[in-house]
Each structure stands twice: as structure tokens, then as C-alpha cells.
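The values are calculated or read from the model by the stated rules, or taken from the named source; none is laboratory data. Because the structure is a prediction, the values reported are computed rather than measured. So basically every Cβ, Gly included, is an ideal-geometry build from the backbone, and we count neighbours across all protein chains shown. SASA here: full protein model, heavy atoms, side chains in, ligands and nucleic acids out. Shrake-Rupley method; radii C 1.70, N 1.55, O 1.52, S 1.80 Å.
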Amino acid sequence: MEKTLFEKICEGEIPADIVYQDDLCVCFKDISPQAPVHLLLVPRQVITRIALAQEDQACLLGHLMLKAGEIARLVGIADSGFRLVINNGPDAGEVVPHLHIHILGGRHLGWPPG
Ligand code: 5GP
């Protein structure tokens with residue numbers, strides 16, 4: 001099966017500005033930032049989207065959430081505030097079919113989202 005765009009980034013085949021990586025996940029800057037800080041946190045293992053995640057991936061999903069908070073502290077937006085976003089499917093604007101958590105911050109983020 002063809003690799004996803006984010007698999008290629010995780011494996012270094014496509015360059016990205018990586019801010020954190022470990023054996024389970026990679027976090028890099030979004031190519032089209034929607035806020036002063038806009039990062040994408042992706043699991044190395046492909047989960048197509050959150051609605052397709054499986055029970056045996058619970059530890060990986062927990063790891064991603066813990067790392068999202070750690071990365072927010074690392075890049076200095078934990079105290080000012082930040083938002084985690086997962087787009088699932090067409091109505092949410094999902095473009096890349098490889099689960100990714102958007103980490104957004106560095107400005108006031110409106111609510112409700114558009
Ligand atoms: P989605 O809409 O699927 O939730 O988010 C996909 C995100 O991937 C978008 O915010 C888009 O800007 C970002 N993106 C798409 N292609 C690339 C790329 O080649 N490199 C990086 N760093 N981000 C990308």
C-alpha cells in the first residue's frame with residue numbers, strides 16, 4: 001500500500017521541521033500554519049482517522065495525548081493556552097488520511113470553531 005504523506009515525513013523521505021520525535025510519534029510544523037504555533041503530532045503507525053482507531057491502540061493514543069501536553073510546554077504555549085484538534089472526515093476538513101493532532105497556540109483562538 002502507498003505510504004501516506006505523514007508516513008513519508010516520519011521516515012524522513014519528505015522534509016519537515018521536526019520539533020519532537022520518539023519511537024512512537026513525530027511532531028512537526030504545519031506547512032500552512034493557522035496560528036503562530038501550529039504543529040502536527042502523528043503516530044508512526046498509521047491510524048487512518050480517530051474513528052477507525054482500535055482498542056489495542058489505546059496506549060498509543062494515550063501516548064499522543066501526553067506528548068501533546070509535553071510538546072506544548074516545550075514550545076512555550078502551555079501557560080498561555082493551546083488547542084488540540086483532530087479533524088475526522090469530510091465535514092471536519094480532514095485532508096490527510098493519517099491520524100494527526102493539530103497543536104495550535106500563540107494567539108487567542110476563537111470559539112466556536114468555524
Ligand atoms: P487535516 O485537514 O487533514 O486535519 O490537516 C492536514 C494538515 O497537514 C493541514 O493543516 C496542512 O497544512 C498540513 N500539511 C499538508 N501537507 C503538508 C506537508 O507536506 N508538510 C507539512 N508539514 N504539513 C502539511
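The residues of region 87-114 that are within 14 Å of the chain's Cα centre (by Cα) and either farther than 19 Å from residue 19 by Cα or not aliphatic (A, V, I, L, M) (or both), listed by number, are 87, 88, 94, 95, 96, 97, 98, 100, 102, 105. Looking only at region 29-48, decide whether some residue is surrounded by fewer than 17 Cβ atoms within 10 Å (Cβ to Cβ), among the small types (Gly, Ala, Ser) and closer than 16 Å to residue 102 by Cβ. For region 29-48, residues surrounded by fewer than 17 Cβ atoms within 10 Å (Cβ to Cβ), among the small types (Gly, Ala, Ser) and closer than 16 Å to residue 102 by Cβ: present. Taken over region 87-114, the criterion of being open to solvent by 70 Å² or more (accessible area, probe 1.4 Å) and of a type in the set (Val, Ile, Thr) is satisfied by 95 alone.
Screening region 64-86 for residues that are assigned to a helix (DSSP H, G or I) and among the charged types (D, E, K, R) and picking the one that is least open to solvent (accessible area, probe 1.4 Å) gives 67.
Pairing each residue of region 90-111 that is more than 20 Å from residue 79 (Cβ to Cβ) and in contact (Cβ under 8 Å) with a residue 60 or more places away in the chain with any residue that is within 10 Å of the ligand (Cβ to nearest atom) and in a loop (DSSP other than H, G, I, E, B), provided the two are 6+ apart or on different chains, yields C-beta distances under 7 Å for 97/49. Considering region 1-56, and only residues there that are over 23 Å from residue 72 (Cα atoms) and not in a loop (DSSP other than H, G, I, E, B), the residue that is nearest to the ligand (Cβ to nearest atom) turns out to be 5. Every condition in (1) within 16 Å of the ligand (Cβ to nearest atom); (2) in contact with a Cys (Cβ under 9 Å, 6 or more places away or on another chain); (3) of a type outside the set (A, V, I, L, M, F, W, C) is met by residue 63 except one, and the failing one is (1).
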